[in-house]
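> The structure's right below; bear with me while I get my questions together.
The values are calculated or read from the model by the stated rules, or taken from the named source; none is laboratory data. Here the structure is a predicted model, which is why all the values come from computation and not from measurement. Cβ placement follows ideal geometry from the backbone for every residue including glycine, while neighbour counts extend to all protein chains displayed.
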Amino acid sequence: MSAEAEERLRRWRLVLGGDADGTGCALSGADAAMDGALAALYGGGEGGDDGGGSARANRSGGLGGSAPRVARWLGDIRTYFPSSVVQVMQRDAIERLNLTRLLLEPEMLEAVEPDVHLVGTLLALNRVMPEQARESARAVVRTVVAELERRLAQRTRAAVTGALDRSARTHRPRRAAEIDWDRTIRANLRNYLPERETVVPDRLVGYARRQRAVQREVVLCVDQSGSMAASVVYSGVFGAVLASMRSLKTSLVVFDTAVVDLTPQLHDPVEVLFGTQLGGGTDINRAVAYCQELITRPADSILILISDLYEGGVREEMLRRVAALTAAGVQVIVLLALSDEGAPSYDRENAAALAALGVPAFACTPDMFPDLMAAAIERRDVARWAEQATASA
């Protein structure tokens with residue numbers, strides 16, 4: 001048998017799994033360890049059937065109810081599989097093998113591959129987590145938050161700063177200190193006089209509101225029902241980034257049937273996330289009413305409601321409040337999800353009612369959010385921006 005045929009047979013053996021796979025190919029070393037890790041999760045023993053009737057369902061395996069055994073398994077999959085695959089397998093293990101209880105064990109938490117979905121699970125368990133597991137959970141959350149900030153913070157600040165500069169320009173600056181000389185020169189290059197080696201400007205570009213420290217009020221109003229876990233994580237990180245910018249006054253409000261203002265914790269996104277309480281019902285009307293009270297300059301304010309719009313409160317009152325906000329000049333945007341999870345489940349009737357009020361409702365990935373903020377600050381048509389961004393993605 002050629003080397004190519006042997007490699008193909010080996011791959012089929014790993015795909016099929018089990019002892020009676022029909023390939024006649026025995027596994028050893030790393031291959032056997034990989035097969036064992038897969039069998040423990042997707043096998044037909046304690047882990048349960050995969051529901052598809054495949055050959056893999058005949059494997060024996062399972063992780064049992066032991067945190068040390070789970071921790072060893074987590075170490076094995078990190079050894080044999082890339083990080084993206086590890087995160088998928090961890091999510092499957094939590095769902096298929098009901099390992100939620102074991103996430104309360106410090107030994108297991110120290111072995112997991114941190115990701116946004118795991119953070120969401122830990123936040124949901126926060127209120128029942130024993131003290132000895134709490135510091136391990138915070139370390140996991142801190143690792144994920146640091147990675148998200150590294151990936152998103154600089155781009156967000158650059159997009160927001162650029163948008164504020166563009167929206168604040170004027171062609172009638174009153175003082176020399178308000179003139180943006182770089183943009184003024186570029187705007188008047190056609191007036192260059194070669195014989196004098198100078199530009200004669202007939203149009204000045206400046207900053208109209210440079211004297212004002214705060215140029216926009218931003219309110220993030222986040223649904224913390226269980227289905228919004230990933231959105232809550234990203235919202236906490238973006239809220240902290242926006243709050244670090246002096247040109248913005250940023251508030252972060254989370255809600256279920258109650259409303260909690262986490263603005264004082266925005267200096268530390270880990271504290272923000274542990275201030276949430278995933279699960280429970282949803283009262284969007286009450287949350288919007290609270291956010292209404294936070295807004296002091298409607299014409300310079302952006303309210304971003306992050307929710308799947310399944311309203312448990314008074315729907316008609318919620319719609320009236322949103323209409324009042326938009327009539328006052330507040331730019332209201334609804335994000336059905338702020339995550340990488342794809343098209344969300346949401347209340348289409350409420351989304352349509354909001355669209356009729358001129359409020360766009362769409363899902364947004366974390367990578368798109370900085371550009372969304374720029375579009376909102378510049379008062380562009382956000383609904384059209386969302387269509388173009390989705391089409392080009």
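> Taking the condition more than 25 Å from Lys249 (Cα to Cα), at pLDDT 90 or above, basic (Lys, Arg) and surrounded by 15 or more Cβ atoms within 10 Å (Cβ to Cβ), does Arg138 pass?
Numbers: more than 25 Å from Lys249 (Cα to Cα): yes; at pLDDT 90 or above: yes; basic (Lys, Arg): yes; surrounded by 15 or more Cβ atoms within 10 Å (Cβ to Cβ): yes.
When the stated conditions are applied, Arg138 passes them.
> Among Arg384, Arg379, which is within 25 Å of Leu164 (Cβ to Cβ) and out of contact with any helix residue (DSSP H, G or I) (no Cβ under 8 Å at 6 or more places or on another chain)? Working first, answer last.
Details: Arg379 fails: out of contact with any helix residue (DSSP H, G or I) (no Cβ under 8 Å at 6 or more places or on another chain).
Just one listed residue meets the conditions, Arg384.
> State the number of residues belonging to region 285-317 that are under 18 Å from Leu335 (Cα atoms), acidic (Asp, Glu) and free of Cβ contacts under 8 Å to residues at least 60 places away in the same chain.
1
> Go through (1) touching a Pro at 6+ places or on another chain (Cβ under 7 Å); (2) at pLDDT 95 or above; (3) more than 27 Å from Gly342 (Cβ to Cβ) one by one and return the number of the condition Gly206 breaks.
Among (1) touching a Pro at 6+ places or on another chain (Cβ under 7 Å); (2) at pLDDT 95 or above; (3) more than 27 Å from Gly342 (Cβ to Cβ), Gly206 violates only (2).
> Related question: If only one of Glu110, Glu149, Glu131 is among the charged types (D, E, K, R), farther than 22 Å from Gly279 by Cβ and over 18 Å from the mean Cα position of the chain (by Cα), which one is it?
Details: Glu149 fails: over 18 Å from the mean Cα position of the chain (by Cα); Glu131 fails: farther than 22 Å from Gly279 by Cβ.
Answer to the selection: Glu110.
> Something else now. When you scan region 353-371, do you find a residue that is of a type in the set (D, E, K, R), surrounded by fewer than 19 Cβ atoms within 10 Å (Cβ to Cβ), in contact (Cβ under 8 Å) with a residue 24 or more places away in the chain and within 19 Å of Arg216 (Cα to Cα), even just one?
yes
> How about region 278-300: which of its residues are in contact with a strand residue (DSSP E or B) (Cβ under 8 Å, 6 or more places away or on another chain) and farther than 21 Å from Leu336 by Cβ?
Our first condition is that a residue be in contact with a strand residue (DSSP E or B) (Cβ under 8 Å, 6 or more places away or on another chain); within region 278-300, this holds for 282-284, 286-288, 290-291, 294-297, 300.
Result: Leu294, Ile295, Thr296, Arg297, Asp300.
> Right, next: At pLDDT 85 or above, assigned to a helix (DSSP H, G or I), surrounded by 18 or more Cβ atoms within 10 Å (Cβ to Cβ) and not assigned by TED's automatic domain parsing to the domain that holds Leu266: which single residue out of Leu74, Leu122 fits that description? Let's see the steps before the verdict.
Details: Leu74 fails: at pLDDT 85 or above.
On inspection, the qualifying residue turns out to be Leu122.
> Go through the residues of region 318-334 one by one and say whether even a single one is in contact (Cβ under 8 Å) with a residue 60 or more places away in the chain and not acidic (Asp, Glu). Spell out how you get there, then give the answer.
Taking region 318-334 as the starting set, the residues that turn out to be in contact (Cβ under 8 Å) with a residue 60 or more places away in the chain are none.
Scanning region 318-334 turns up no residue that is in contact (Cβ under 8 Å) with a residue 60 or more places away in the chain and not acidic (Asp, Glu).
> Which of (1) touching a residue at least 60 places away in the same chain (Cβ under 8 Å); (2) touching a Gly at 6+ places or on another chain (Cβ under 7 Å); (3) more than 22 Å from Ser225 (Cα to Cα) does Leu278 not meet, given it meets every other one?
The number of the failed condition is (3).
> Kindly indicate whether Val253 is assigned by TED's automatic domain parsing to the domain that holds Ser227, assigned to a strand (DSSP E or B) and over 17 Å from Arg315 (Cβ atoms).
Taking the combined requirement at face value, the residue satisfies it.
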